[in-house]
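Throughout, read-outs are computed from the coordinates displayed, never taken from laboratory work. These numbers were taken from a predicted model, which means no experiment stands behind them. Cβ placement follows ideal geometry from the backbone for every residue including glycine, while neighbour counts extend to all protein chains displayed.
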Amino acid sequence: MEMLWDIAFADGVAYEFEAHDLAHRRASWRFDLRQGLAAPGGRRTNATLVRVRRERESMSEAGLRQDGSETRRVTLVTGASGGIGADLARIFARHSHDLALVARSRAKLEALADEIAASGRLRPVVLVFDLIERGAATHIAAALEAAGATPEILVNNAGFGLAGEAAGLDPAQQLAIVDLNIRAVVDITLCFLPAIRAARGKILNVASVAAYFPGGPGMAAYYASKSFILSFSLALSQELRLQGVTVSALCPGYTKTDFQARAGFGPNMDLARLPGSTAMEVAEAGYAGLIAGRREIVPGFLNKLGVSLLPFLPKALILAVISRLQ
Ligand SMILES: NC(=O)c1ccc[n+]([C@@H]2O[C@H](COP(=O)([O-])OP(=O)(O)OC[C@H]3O[C@@H](n4cnc5c(N)ncnc54)[C@H](OP(=O)(O)O)[C@@H]3O)[C@@H](O)[C@H]2O)c1
């Protein structure tokens, strides 16, 4: 049995510790349950404590929970066949989360499920779906039920962008951005919200630093879609915070994945020459922020700095710079 401690406050700040964390980090984590909790990074909260401790039992080899129920409480990750989603799945697995993985590429999902199973974890449920298709959330729910699984954490990560001026890009492809980056996220979130609320679970929506810009000339539909995700996430985080559900928006900057190739970034595009983060760096920041209950997670110092300066710059200047970079 794996012990997890879960400490949550009324303002949505939450901390999750594995038992060994408590054993090994007692010196660096200071608990004062009346005055809040101070972490090494200096974050603290003085809000009312709403939940102190939860013991979670990991799944047995046979797939049965130790309390006798057969329900698998899973972290559902969309876009888990590569890039940030695959590394998020690896990190959740490392932290003893049981997983359900969604994408279109069956071979990649099966390979990741095998990799996770080989590390001694329960093999993730593999769900092959195209999230652009209407009704995908309902189909995923039915497949999860058939697998005896219910989500307690949802990671909406699948997404793509297209480089080029809106007038020159295929309208159907731009509508596909809206369908995947916006429609599917809302559909899946609303579909699984009752289960996540019942589990007092968590939602991680992968947006982008693009969400903070006034617009993204050269990637108009993509930037707009990510602004929607940030806005949607912040609103939900407020609506759900007293129900014990945290909602976080992960807003990475340029990250080296298959995203750039799919978006059609040319080798001469200035953005493609920036150093960028690795998918694992972004995923590590996303997991830590989710567990800490942060509303907005912007990985990387330069990205944080850029996002904090944006409100002070003229929109015309920002639009001109983005237009030059893309
Ligand atoms: N890379 C960056 O610079 C960057 C920066 C900021 C934000 N982001 C965001 O991070 C998220 C992950 O992107 P990434 O960089 O990891 O890109 P990626 O390597 O291209 O991964 C995208 C994932 O989404 C899945 N996907 C795409 N279309 C799908 C569909 N119709 N149905 C189901 N799954 C689909 C892909 O799997 P299949 O192809 O197998 O379906 C893949 O697993 C995206 O939301 C992206 O907008 C990326």
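Compactness check for the stretch 256-326: Cα Rg over 2.2 N^0.38 Å is 1.30. From the Cα gyration tensor of the stretch 126-193, with a ≥ b ≥ c the square roots of its eigenvalues, which class applies: rounded if a/c is under 1.5, or else prolate if a/b is larger than b/c, or else oblate? The shape class here is prolate.
Here the ratio of the Cα radius of gyration of the stretch 172-285 to 2.2 N^0.38 Å is 1.16. In this rough spin-label picture, where each label sits 7 Å from Cα along the Cβ direction, the residue 178-residue 110 distance is 3.7 nm.
Using a simple spin-label model with pseudo-atoms 7 Å out from Cα toward Cβ, residue 170 and residue 231 lie 2.8 nm apart. Overall, the stretch 152-202 carries a charge dipole of about 400 debye about its Cα centre when +1 sits on the Cβ of Lys and Arg and -1 on the Cβ of Asp and Glu, all other atoms neutral. The stretch 189-228 and the stretch 132-158 have Cα centres separated by 17 Å.
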